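Undergrad: I have a structure I would like to understand better, so I am pasting it below and will then ask my questions one at a time.
The values are calculated or read from the model by the stated rules, or taken from the named source; none is laboratory data. All figures in this text were calculated on a predicted structure; none of them were measured in a lab. Every residue, glycine as well, gets a Cβ built from its backbone with ideal geometry; the counts of neighbours run over all protein chains shown. Quick note on the areas: whole protein, heavy atoms, side chains included, nothing else; ligands and nucleic acids left out. Shrake-Rupley method; radii C 1.70, N 1.55, O 1.52, S 1.80 Å.
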Amino acid sequence: MNLNKKMEGALDAQLQLEAYSSYLYLSMSAFCHSINLKGFGHWMRQQSHEEHHHAMKIFDYMVERGNWVSLLALEKPAHAFKSVRDVIESSLAHEQKVTAQIHKLYELAGQQKDYATQMMLQWFITEQVEEEATVKEILEKLKRISDKGSAILYLDKELGKRAATT
Ligand code: FEO
């Protein structure tokens, strides 16, 4: 059975937000490289890949339901950050926004009695818990080391080891 028009529009908007997330993390990666924190840059690039994967998960689901996906325009992502800590704080705020959006979508699917979409969204609900926790952990480390250059370089090396997960 096809998604109804309301669910279709809401999933188009979620796909847009995931695609924007991918674009935003790529912008954050560019900033990190610009200040020679290659590990952070690598980590953000991996994050960008993950977000692309999230967008494609929604795309594939909509196609599977027999709907016609409508791709929406993406805004220009933030570009000038104050510091790497600003990048990570912005990333956490963004993930919190995505989590709230996923929860609204889940509620909408419930109202529409669209149980298949609720099942699909459960993966995203779990993923958001993990994403927020990971970013919070990096932020806590950054707060602890303050602006000690050598510690930031150590953390940069650690983040540079992030493997592809998709
Ligand atoms: Fe796909 Fe980080 O939200």
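Undergrad: On full extension of the chain, what length is gained from ASP60 through ARG144, given 0.36 nm per residue of separation minus the C-alpha to C-alpha distance?
TA: 26.1 nm
Undergrad: Give, in nm to one decimal, the length gained when the segment between LYS76 and HIS33 is fully stretched (0.36 nm per residue of separation minus the Cα-Cα distance).
TA: Full-extension gain reported as 13.6 nm.
Undergrad: When the chain is fully extended, how far beyond the present Cα-Cα distance does TRP123 get from LYS136, taking 0.36 nm per residue of separation?
TA: Between TRP123 and LYS136, full extension yields 2.7 nm more.
Undergrad: Hey, another quick one. Would you work out what percent of the accessible area of the stretch 5-159, with all protein chains in place, is carbon or sulfur (probe 1.4 Å)?
TA: C and S atoms contribute 57 percent here.
Undergrad: Among the listed pairs LYS97/LYS143; LYS76/LYS113; LYS82/LYS104; LYS104/LYS143; LYS104/LYS141, which have their C-alpha atoms separated by more than 25 angstrom in this model?
TA: As for pairs spanning more than 25 Å Cα to Cα, those are LYS76/LYS113; LYS82/LYS104; LYS104/LYS143; LYS104/LYS141.
Undergrad: Normalised by the residues of the chain, what does the relative contact order come to in percent, with Cα pairs under 8 Å and at least six apart?
TA: Over the chain, the number comes to 32 percent.
Undergrad: Using each residue's phi in the stretch 63-68, evaluate 6.51 cos²θ - 1.76 cosθ + 1.60 at θ = phi - 60° and report the 3J(HN,Hα) Karplus result to the nearest Hz, with x for Gly and Pro.
TA: These are the phi-based 3J(HN,Hα) values: 5, 4, 7, x, 9, 9 Hz.
Undergrad: Using the Karplus curve 6.51 cos²θ - 1.76 cosθ + 1.60 with θ = phi - 60°, work out ³J(HN,Hα) for each residue of the stretch 13-18 in order, rounded to whole Hz, and write x for Gly and Pro.
TA: 5, 5, 4, 4, 5, 5
Undergrad: Tell me, what are the semi-axes, in whole angstrom and largest first, of the equivalent ellipsoid of the stretch 5-159 as set by the roots of 5 times the Cα gyration tensor eigenvalues?
TA: Equivalent ellipsoid semi-axes, largest first: 33, 16, 12 Å.
Undergrad: Right, another one. Between LYS104 and LYS5, what is the label-point separation in nm under the 7 Å Cα-to-beta-carbon projection?
TA: Label-label distance for LYS5 and LYS104, simple model: 2.0 nm.
Undergrad: Another one. Which loop-located trypsin sites (Lys or Arg not before Pro) does the stretch 52-107 contain, where loop means any DSSP state but H, G, I, E or B and the Cβ has at most 15 other Cβ atoms within 10 Å?
TA: Sites meeting the loop and neighbour criteria: LYS82.
Undergrad: Give the accessible surface of the stretch 5-159 per residue, rounded to a whole number of Å², with probe radius 1.4 Å and ligands, DNA and RNA excluded.
TA: 54
Undergrad: Could you work out how far the C-alpha centroid of the stretch 84-116 sits from that of the stretch 66-81, in angstrom?
TA: Cα centroid to Cα centroid, the span is 15 Å.
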